[in-house]
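These notes concern the structure reproduced below.
The values are calculated or read from the model by the stated rules, or taken from the named source; none is laboratory data. In this text, all values refer to a predicted model and were calculated from it rather than measured experimentally. Glycine also receives a Cβ, built like all others from the backbone with ideal geometry; neighbour counts cover every protein chain displayed. Heavy atoms of the whole protein, side chains included, go into the accessibility calculation; ligands, DNA and RNA do not. Shrake-Rupley method; radii C 1.70, N 1.55, O 1.52, S 1.80 Å.
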Amino acid sequence: FPGPPFTHQQTPRKMVYYGQTSCEQDTERYLDVVKYVFRSYKKEVPLVVNTMGWVKGEGLLLLIDIIRLLSPSHIVQMDVYDWKAMAPLTPEYVHLTPGLYTKGKQQAKCKQMGTSGAENWKPSEVGADALAPEYKLLYVHPEFPRAGVAGEVRVHSGILRDMAILGYLGQLQSPDIGAVLPLHSLVPYQVPFSAVALRVIHTDVAPTNIMYAVNASWVGLCRIPEEIRCQTDGPVLLTQTPVCDCLGFGIVRGVDMEKKLYHILTPVPPEKLRLVNCLLLGNIAVPNCVLVGQQGVEGEIPYVTSDYNYSI
């Protein structure tokens, strides 16, 4: 599809909500997520894997793990114009180099070919090892200055993420051309505390503060295989982050502590919402413009403050 991704969003066949923009803090769960999603690939169509731009230090080691895990037929590697970013990812390199969680094939230092002395000791051959990966490396080396330099990629990626969220929330609007309705004027779903499990992915939150964290937050609407059993009226708190199907996203636009209800705005259709039994809260924020640009609000804007100490 032409154009930036937020203009032509598609419903994925399989999706997991990782909940962070970087996997540095939890690379092990990242690999578990890759394995989980890849297991659903039936190989009936070609699969293009868009890897991360993190290719230094542990990022390179994690990339080697992913290559071993996915066993691709081709790898396209793009270099940077004026400096060598990384070694070519040849099958031999990946075969010998240890990853973050996988071991490389150790090359035996020597192999005795005779008994007469040191001159008869020769390096052993590893190229014929049956476990060596087999893929074609397409190595692209640009010929113009500053090609591949990151520059302001971090700023741009943040803007694109916000645009993706806004594009997704656009499904809540009427298809008729007209004024865009503010989110606080839309009718949310009411979800009992006891109907869904809750987990904050990226940090530890005390149970007494969990509702403060969830209120006005972006959440993944997920399905865990376990049945939700709650002896009380909730909330149900998970002790570990599950690797499970994500069916879509929503905003917890309010929490009713008296009636024990989450108020959730989401464009996910009802037939899918019936399957949701888990809310995952990650380190992905509702775009500032949604909160700052609320229409028809008199006085202070809810969930927005400028009253904080800049020195903290």
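So which residues in segment 228-240 are more than 23 Å from the chain's Cα centre (by Cα) and modelled with pLDDT of 90 or more?
Quick first cut of segment 228-240, residues more than 23 Å from the chain's Cα centre (by Cα) only: 228-236.
Once the filter is applied, which keeps residues that are more than 23 Å from the chain's Cα centre (by Cα) and modelled with pLDDT of 90 or more, segment 228-240 yields Pro235, Val236.
Out of Val304, Val276, I need the residue that is closer than 27 Å to Met163 by Cβ, assigned to a loop (DSSP other than H, G, I, E, B) and open to solvent by less than 40 Å² (accessible area, probe 1.4 Å). Which one?
Val276
Consider only pairs whose beta carbons are under 8 Å apart and that are at least six residues apart or on different chains; among these, list those whose first residue lies in segment 228-254 and is over 12 Å from Val214 (Cβ atoms) and whose second residue is of a type in the set (Asp, Glu) and open to solvent by 30 Å² or more (accessible area, probe 1.4 Å).
Taking only residues 6 or more apart or on different chains, the pairs are Val243/Asp32.
Looking only at segment 8-34, count how many residues are open to solvent by 60 Å² or more (accessible area, probe 1.4 Å), touching a helix residue (DSSP H, G or I) at 6+ places or on another chain (Cβ under 8 Å) and over 20 Å from Ala285 (Cα atoms).
Matching residues across segment 8-34 total 1.
Working carefully through the options Leu100, Leu69, find the one that is modelled with pLDDT of 80 or more and under 22 Å from Pro46 (Cα atoms). Break it down into steps so the answer makes sense when it comes.
Numbers: Leu100 fails: under 22 Å from Pro46 (Cα atoms).
Testing whether each residue is modelled with pLDDT of 80 or more and under 22 Å from Pro46 (Cα atoms) leaves just Leu69.
For Ile165, which of the numbered conditions (1) in contact with a strand residue (DSSP E or B) (Cβ under 6 Å, 6 or more places away or on another chain); (2) at pLDDT 95 or above; (3) β-branched (Val, Ile, Thr) fails to hold?
(1) is the only condition that Ile165 fails.
With respect to Arg68, is the statement that it is over 27 Å from Arg199 (Cα atoms), surrounded by 12 or more Cβ atoms within 10 Å (Cβ to Cβ) and charged (D, E, K, R) true? Steps first, please.
Numbers: over 27 Å from Arg199 (Cα atoms): yes; surrounded by 12 or more Cβ atoms within 10 Å (Cβ to Cβ): yes; charged (D, E, K, R): yes.
Yes.
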